[in-house]
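The values are calculated or read from the model by the stated rules, or taken from the named source; none is laboratory data. As the structure is a computational prediction, the values presented were derived from the model and not from experiment. Cβ sites come from the backbone with ideal geometry, for glycine too, and all protein chains shown count toward neighbours. Just so you know, the surface numbers come from the protein's heavy atoms only, side chains and all, with ligands and any DNA or RNA stripped out. Shrake-Rupley method; radii C 1.70, N 1.55, O 1.52, S 1.80 Å.
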Amino acid sequence: GQVVMRAGLMALKLMNERFYQALNKKADYLVVSLNDCFMKHQLNVRVVNYYSAMQFVFSQRNPLNYQEAEGMKDPSLYQEFYQYLLSRNIIFPPVQQEPFFISGKHSRNDLDVLITEIKEFFLNKMDV
């Protein structure tokens, strides 16, 4: 028990401000890359985030509150998206209401692969 607690405290110390700044920078890169594409092609999809926690909404704008976000769901489309990513060995939450996260272990290359696959799905699905 004591060894586990000590290891946990050491891990928390390693997660300093620089770690979170780098993580937020990765999240911003992902969100901006996707939303720029979605806006350019006038797609009815956006990625909304709070730092490294993200979620898809099906709208051409970000929701202003939780109630609006609830109205921007499309379970059928999200399920197709989920299956598409799964077929490419990318694990995502199985329902739209669950946020997805990136971690400190995700590399720029990991993010680029994810961005490419997400763009490919929505550009093909929404007939651009």
In whole percent, how big is the carbon plus sulfur part of the accessible area of the stretch 1-51, probe 1.4 Å, protein atoms only?
62
Within 10 Å, count the other beta carbons around each residue, average over each peptide in 35-41, 61-67, 51-57, 19-25, and list them highest first.
51-57, 35-41, 19-25, 61-67
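I'd like to check one number: the per residue accessible area of the chain, probe 1.4 Å, reported in Å² as a whole number. Display every interim value, and only then the final one.
Details: 8440 Å² over 128 residues.
Here the per-residue accessible area is 66 Å².
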Set of lysines with alpha-carbon distance to Lys119 below 28 Å, sequence-local pairs under 8 removed
Lys25, Lys26, Lys40, Lys73, Lys105
Measure nothing fancy, just the Cα-based angle from helix 75-87's long axis to the longest principal axis of the chain, in degrees from 0 to 90, nearest 10.
60
Farthest toward positive dipole pole in the chain [+1 Lys/Arg, -1 Asp/Glu at C-beta], among Ser59, Tyr20, Leu86
Tyr20
Using Cα centres only, tell me the gap between the stretch 25-44 and the stretch 95-117 in whole Å.
13
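Give the shape of the stretch 80-128 as rounded, prolate or oblate, defined through the alpha-carbon gyration tensor: a ≥ b ≥ c are the square roots of its eigenvalues, a/c under 1.5 means rounded, and otherwise the shape is prolate if a/b is larger than b/c and oblate if not.
Working: a/c = 2.02, a/b = 1.28, b/c = 1.58.
Cα axes put the stretch 80-128 in the oblate bin.
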Magnitude of the Cβ-charge dipole (Lys and Arg +1, Asp and Glu -1) of the chain about the Cα centre, nearest 20 debye, reported as 520
The chain: relative contact order in percent, alpha carbon pairs under 8 Å with at least 6 residues between:
24
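Can you bin the stretch 18-60 into rounded, prolate or oblate? Criterion: square roots of the alpha carbon gyration tensor eigenvalues sorted a ≥ b ≥ c, rounded for a/c under 1.5, prolate for a/b above b/c, oblate for the rest.
Oblate shape, in that a/c is at least 1.5 and b/c is the bigger or equal ratio.
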Taking a ≥ b ≥ c as the square roots of the Cα gyration tensor eigenvalues, with a/c under 1.5 meaning rounded and otherwise prolate when a/b beats b/c, else oblate, which class fits the stretch 24-128?
rounded
Over the chain: helical MRE at 222 nm, DSSP H runs n ≥ 4 each giving -39500 (n - 2.57), nearest 500
-18500 deg cm²/dmol
